[in-house]
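Since the structure comes first, as C-alpha cells, the remarks are kept for the end.
Coordinate-derived values only; no laboratory data. Computed from a predicted model, the values in this text were never measured in an experiment. Quick reminder, even Gly has a Cβ in these numbers, built from the backbone with ideal geometry, and neighbours come from all protein chains shown.
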Amino acid sequence: MKRTGARLAVHALEQLGIQHTFGIPGVHNTELYDELGKSDSVTPILVTHEGGGAFMADGISRTSDQTGTLVIVPAAGMSHAMSGIGEAFLDGIPMLVLSGGIRRDSGKHYQLHAVDQGRILDGIIKQYTLVESHADVIPSIYDAYDTAHADEPGPVFVEIPVELQLFRGAVEEMPAYAPSGDPEPAFDEAEIERAADLLLDADHPGIYVGWGAVDAHEWTARIADRLVAPVATTLQGLSAFPATHPLHTGVGFGPSAVPAAQEAFADCDALLAVGCRFAELATGSYGMAVPDALVHVDINPEVFHKNEPAEVAIEGDAAQVLEALDGALDAHAGSVPRSRDALAAQIRENKNDYQQTWGSDTSSEKVSPGPFFHRLRERLDDDAQMVVDDGKHTFLAAELFPVHRPRGFISPSDFNCMGYCVPAAIGAKFARPDRQVAAIVGDGAFLMTGMELLTATTHGLGVMVFVFHDGELGQISQFQSIPLNRKTCTVLNDFRVEGVADAVGAHFIAMESDADIEPALDEALDVSAGGRPVLVDVNIDYSRRTQMTKGVVKTNLGRFSTGEKVRFLARAAKRHLLG
C-alpha cells in the first residue's frame, strides 16, 4: 500500500491515544495539520506561541495519563518550544514532539528553516530521530513514545521531512501500537532487606519523597505508618504525599522548611528518600542535613551519591520498590517503640500555629496570602488542580495551600522557567475539563505567556488565573533588596490586567483587599464552571517573607567566609541605614 508520511504520522498518534496536539502550522508541517484536521480522535490546538504549547503539553503529561504532544515547524518553532521542552527534560516529564523538516530531495542548500535541530536540542531531550523513509514513520514515532516513558521520563523529538509528508510511499502495513508492558522489577532483594534493617534500627526515621514517587503515595503512607516516620516532600513532589495524612510535614526539612517539618525531622537518624535528587530548589539551596543512614530509591541510577552519599541505593520504579520494602518491613515481627499519635499531634499543632501566624492579621488595603489560600482551599474541590509559576507566589502556595490528591500541584522546578503557569493550567484543563483548575502566577511571569488565555477562551476552558500583582519580579526583587537595598531591573512597568482580560475574552475580577477574597472566589468559581476563563487581579501583600526565602538566605550566608560575611553584612547595613 502507499500512504503519505503525514497520514502515517497521524495514524501513529491515533494509535497512541493522543487526544490533543499543540502548535502552529507552517510550510513544513502543513500536510501534518491537514491530516490532523481529518482525524476523528486527535484534535490539533492552535496556540499563540510554541513555548506556551510546550507548557500545555507538559501540563497534560503531569496531570493525566495522556502524553503531551507538540506538532511544530522546524527552527523557529523548535527554538520557541525549547523552554517547555527543557522544563520537561529536567523535571522528568514525558513529551512527544513532532516537527516538520526541510526537503532532502531538492538538492538545494540554504532552505528556509535549515538548521541542525538534533544538534541544537542535544542536552534537553532523551532522543532525536530524523525519519528517513515512509516505512520508518510509524516505527519511529512508536519508538520515540516508548523512550519518552522508559526509565526516567522525558521529551523526545521526531523530525519528518517535508517530502515524506507530501508524497506517498510504499509501506507494508500500518501497525497498531503494542505496549511493551511494565518491566519486571530488577532491583536487588538483598538491598531491600538492608534498607528494611537500616530503617527499623533507627530511633527517628524520616521519609522524603519527590515527583518520582507521585504514583506511589499509597505505599509511602503504609511505610510511614509502619515506621511512625514523618514525611516531607520536594517542591515538585508536593503532591506525592497528601497533606491530609497526619504524618505529612511539608516541603523539605532544613532551615527553609516550615516549623512542622523542622521539628519532626530534628532528630532524624535514618532517611528513606524516594524519587528525588536532592537538587538545589528541593533542598533549600542544599541546606538540609541528611543523615548518614540514607536509603535512596530512584529509577535513574545517575542520581545516586551525587549530592548525598547513600548507604543503600536501590534503582527501580518507586511503587515497585516501596511495595517490596513494605513486605520486608512486614516480615520483621514486633512493633515500633514510637507513638504515632504523639508525632501526629506535634505535627498538627505546629502546622496550625504556623497557619495562624499568616492568618491573624488582615488588611483593608491589600490581599493577605494567609486568608487568600485558606479560603481558596475551603472552596475548591478535593481533586482540584493547582498550577503555579516560578516566583514568590510559588513558595507561598507550597507553605499555605494543602494539596490533597496526587498530581494535584504542578510547578516548574529544576529548569525553573517563568511563564509556565498559564499554558500549563490550560493543558491541565484540556486533560480533565471536568476538574477545577486554579492557577497562581506572578505578574512578571503572567506577562510572558498570559495571552495564551485566548486559547482557553477559544475552547471554552474555565481556568481560574489569579495574578499576584505587586509590580515587581517579587522573589528576585526581595533577594536584591535584603542585602543590596536596591532593585535593579526587577520593577515592572505597570499594566492593566483588566485590559488583558478584555483582549482575550476572559472574565475579569479585581481582588483589592481581604474583604474581596470571598466574593471574588465565589464569582470566579461560578463563572469558570460555565466554561469561561477567569482572570483575577490580586493586589497581593508580599511584605512577609516565606520560610523558604528566610532559610535560603540564612543557608547561603552561612557558607560565606568570615571576611566575606562581614563585608556583605556591612554593605547591607550601610545601604539600609544611609540609603
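Tabulated data
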read-out	value
Distance in nm between pseudo-label sites at Asp341 and Arg435 (7 Å out along the Cβ direction from Cα)	3.6 nm
Gyration tensor (alpha-carbon) shape descriptor, segment 22-66, a/c threshold 1.5	oblate
Principal semi-axes in Å for the chain [√(5λ), Cα gyration tensor, largest first]	40, 32, 23
Top positive-direction residue, dipole computed over the chain with Cβ charges, set Gln111, Pro161, Ile347	Gln111
Percentage relative contact order, segment 424-552, counting C-alpha pairs under 8 Å, at least six apart	30 percent
Segments 272-285, 529-542 sorted - mean Cβ within 10 Å per residue, highest first	272-285, 529-542
Listed peptides 564-573, 543-552 by packing density, highest first (mean Cβ within 10 Å)	543-552, 564-573
Lys, Arg +1 and Asp, Glu -1 on Cβ, resulting dipole of the chain about Cα centre, debye, nearest 20	2040 debye
Magnitude of the charge dipole, segment 499-579, Cβ model with Lys/Arg +1 and Asp/Glu -1, debye to 20	1420 debye
Residues with amide H under 5 Å from that of Val251, placed H, sequence gap 5 or more	Thr233, Val258
Alpha-carbon centroids, segment 242-264 and segment 503-538: separation in whole Å	32 Å
Prolate/oblate/rounded call for segment 130-255, Cα gyration tensor, a/c under 1.5 rounded	prolate
Peptides ranked, highest mean first, by Cβ atoms within 10 Å: ranges 380-392, 158-170, 232-244, 488-500	232-244, 380-392, 158-170, 488-500
Global geometry of segment 281-416, whether rounded, prolate or oblate, following the gyration tensor of its Cα atoms and the 1.5 cut on a/c	prolate
Space enclosed by the convex hull of the alpha-carbon atoms of segment 348-387, per residue, Å³	88 Å³
Kirkwood hydrodynamic radius (C-alpha pairs) into Stokes-Einstein, segment 318-389, 25 °C and 0.890 mPa s, D in µm²/s	148 µm²/s
Dimensions in Å of segment 446-579 - Rg and Dmax from alpha carbons	19.7, 61
Cut-off 18 Å, label 7 Å out along Cα→Cβ of Asp292, residues of segment 181-200 by amide N	195, 197-200
For segment 361-544, projected area of the alpha-carbon convex hull averaged over all directions, nm²	10.1 nm²
Theoretical FRET efficiency, 1/(1+(r/R0)^6), r = Cβ-Cβ of Glu349 and Ala150, R0 35 Å, to 0.05	0.20
Rg/Rh for segment 246-329, where both radii come from Cα atoms and Rh is the Kirkwood radius	0.96
Amide H within-cut-off set for Thr21, under 5 Å, with H built and near neighbours excluded	Thr43, Ile45
Rounded to the nearest 20 debye, dipole of segment 438-519 from Cβ charges on Lys, Arg, Asp, Glu	380 debye
Convex hull (Cα only) mean projected area of segment 2-170, reported in nm² to one decimal	8.7 nm²
Computed over segment 507-579, Cα set: Rg, Dmax in Å	21.1, 61
